[in-house]
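Below: the structure, in structure tokens.
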């Protein structure tokens, strides 16, 4: 199984979304972070589960929440680098600008 590294901006994406969901309904932010954890575990077990979307960056959509996890696979190091967790309605250029 690959190890996962969440970059600081991805952690901030998750924190902001969880805070927003909690402001809408108590406990919803926790559900959001649990789904992130579950999807990251799936990615760690099968890194090529999602198609390459930008250059070498793969994206996978959460099942319940409208967010995509953006990640890169480094097979030589058995590592997944998670660079962003964005709402699906956001312009993809916003992610590219962070690279």
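The values are calculated or read from the model by the stated rules, or taken from the named source; none is laboratory data. Just so it is clear, the model here is predicted, and its values are computed rather than measured. So basically every Cβ, Gly included, is an ideal-geometry build from the backbone, and we count neighbours across all protein chains shown.
In table form, for the structure just shown:
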| read-out | value |
| --- | --- |
| Cross-chain or 6+ apart pairs with Cβ under 7 Å, the stretch 74-90 first and free of Cβ contacts under 8 Å to residues at least 40 places away in the same chain, then in a strand (DSSP E or B) | 74/81; 88/61; 88/67; 88/68 |
| Of all residues in the stretch 16-41 being under 20 Å from residue 1 (Cα atoms) and surrounded by 14 or more Cβ atoms within 10 Å (Cβ to Cβ), the one that is farthest from the chain's Cα centre (by Cα) | 35 |
| Selection status of residue 44, part of a helix (DSSP H, G or I), touching a strand residue (DSSP E or B) at 6+ places or on another chain (Cβ under 7 Å) and surrounded by 15 or more Cβ atoms within 10 Å (Cβ to Cβ) | yes |
| Meets criteria (out of contact with any strand residue (DSSP E or B) (no Cβ under 9 Å at 6 or more places or on another chain) and surrounded by fewer than 16 Cβ atoms within 10 Å (Cβ to Cβ)) for residue 78 | no |
| Matching residues in the stretch 73-89 - criterion: being modelled with pLDDT of 90 or more and either on the phi > 0 side of the Ramachandran plot or part of a loop (DSSP other than H, G, I, E, B) (or both) | 78 |
| The one condition in (1) under 14 Å from residue 83 (Cα atoms); (2) exposed (fewer than 12 other Cβ atoms within 10 Å of the Cβ); (3) modelled with pLDDT under 95 that residue 54 fails to fulfil | (2) |
| Counted residues, the stretch 58-72 - those being touching a residue at least 24 places away in the same chain (Cβ under 8 Å), under 13 Å from the mean Cα position of the chain (by Cα) and either surrounded by 19 or more Cβ atoms within 10 Å (Cβ to Cβ) or not in a strand (DSSP E or B) (or both) | 7 |
